[in-house]
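Have a look at the structure that comes next, please.
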Amino acid sequence: RPMLLGSGQQLGLHPSPEISLLFYVSPTGNYFKGKTNGLKIHLETRKSRAARGGTGNVKCAGNYGVTLRPLTDAKAEGFDDNVYLELETYRPGKLEEAVLQELSAANVFLVLRSGEIATPGLERGTILPGVTRDSILVLAREYAEELGQLVRESTGNEDARVTVSERDVTVADLKDAAEAFVTGTAAEVVPLASVGTASYDEDAFEVTFPHGGTLPG
């Protein structure tokens, strides 16, 4: 893990004249400790991971510090992690209109029943353009026709196609998804079992995904 930090001899609020580049090297297992049967994810409606004009789209330590309290709360209710929202798009009672960001340290993908593979876009500047995210997008676009053929063969729907998009993904899209997964350098690729709210949330929402499910016809 690389770390770049200002190490100049000053206390004022200005760019450091000196930086230090550090590398941590350690054996490690899967970020989610091998939960290959799917993650239980909480929709975080109270706290913001990143806002427009901030540092959500860069590998900044502050992006992770703000997730610790919400993560502790979510785990206390049996969730594995939070998926954060663009909080300015959330209104109590209208949760399904809210736009998704990402997990504490992983990007999110939905496989919609229409055949669309969708992930939150980068235009808002609030999510990290992850390396694994990019790899999935490149591979999915390169093999979209082959994936479509697999869907056609498995469903019998000759009109089935697979498309790949980066766009605003809403909570409502979760209800239209046949499956969902998250990606990250440490997380790798992990399926989601469910996404929902907790007892302390104003809105009630839950959707489950069949592990290893295929697009229905």
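Output the qualifying pairs, or none if there are none: Cβ atoms under 6 angstrom, residues six or more apart or on different chains, first residue in region 78-98 and in contact (Cβ under 8 Å) with a residue 40 or more places away in the chain and closer than 20 Å to Asn57 by Cβ, second residue crowded, with 22+ Cβ neighbours inside 10 Å and charged (D, E, K, R).
Final answer for the pair search is Asn82/Glu44; Tyr84/Glu44; Tyr84/Arg49.
Report yes if some residue within region 7-21 is crowded, with 20+ Cβ neighbours inside 10 Å and part of a loop (DSSP other than H, G, I, E, B); otherwise report no.
No: zero hits.
Shifting gears a bit: Of all residues in region 194-217, which are modelled with pLDDT under 95 and either in a strand (DSSP E or B) or over 22 Å from Gly78 (Cβ atoms) (or both)?
Gly212, Gly213, Thr214, Leu215, Pro216, Gly217
Could you please find all residues in region 120-134 being surrounded by fewer than 20 Cβ atoms within 10 Å (Cβ to Cβ), of a type outside the set (Gly, Ala, Ser) and assigned to a loop (DSSP other than H, G, I, E, B)?
Within region 120-134, Leu122, Glu123, Arg124, Pro129 meet the criteria.
Restricting to region 64-119, name every residue that is modelled with pLDDT of 95 or more, part of a helix (DSSP H, G or I) and either on the phi > 0 side of the Ramachandran plot or of a type in the set (Gly, Ala, Ser) (or both).
Passing the criteria: Ala74, Ala76.
Provide a single number: the residues in region 126-147 that are within 13 Å of the chain's Cα centre (by Cα) and small (Gly, Ala, Ser).
Count: 1.
Tally up the residues in region 138-157 that are free of Cβ contacts under 8 Å to residues at least 60 places away in the same chain and part of a loop (DSSP other than H, G, I, E, B), please.
Total satisfying the criteria: 1.
Could you tell me which residue of region 174-186 is farthest from Phe205 (Cα to Cα), considering only residues that are outside any loop (DSSP other than H, G, I, E, B) and aliphatic (A, V, I, L, M)?
If we take residues in region 174-186 being outside any loop (DSSP other than H, G, I, E, B) and aliphatic (A, V, I, L, M), then Val182 is farthest from Phe205 (Cα to Cα).
Counting only residues that are under 16 Å from the mean Cα position of the chain (by Cα) and within 18 Å of Thr208 (Cα to Cα), which one in region 37-73 is surrounded by the fewest Cβ atoms within 10 Å (Cβ to Cβ)?
Out of the qualifying residues, it is Lys40.
Conditions tested, residue by residue: (1) free of Cβ contacts under 8 Å to residues at least 24 places away in the same chain; (2) assigned to a loop (DSSP other than H, G, I, E, B); (3) of a type in the set (Asp, Glu); (4) surrounded by fewer than 17 Cβ atoms within 10 Å (Cβ to Cβ).
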| site | (1), (2), (3), (4) |
| --- | --- |
| Ile136 | no, no, no, no |
| Asp159 | yes, yes, yes, yes |
| Ala172 | no, no, no, yes |
| Leu192 | no, no, no, no |
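Quick check on my filter: what residues within region 22-35 are loosely packed, with under 11 Cβ neighbours inside 10 Å, part of a loop (DSSP other than H, G, I, E, B) and either among the polar types (S, T, N, Q) or modelled with pLDDT of 90 or more (or both)?
Val25, Ser26, Thr28
Scan region 124-142 residue by residue and report those that are of a type in the set (Gly, Ala, Ser) and closer than 24 Å to Thr55 by Cβ.
Matches in region 124-142: Gly125, Gly130, Ser135.
The values are calculated or read from the model by the stated rules, or taken from the named source; none is laboratory data. Fair warning: this is a prediction, and the values are worked out from it, not measured in the lab. So basically every Cβ, Gly included, is an ideal-geometry build from the backbone, and we count neighbours across all protein chains shown.
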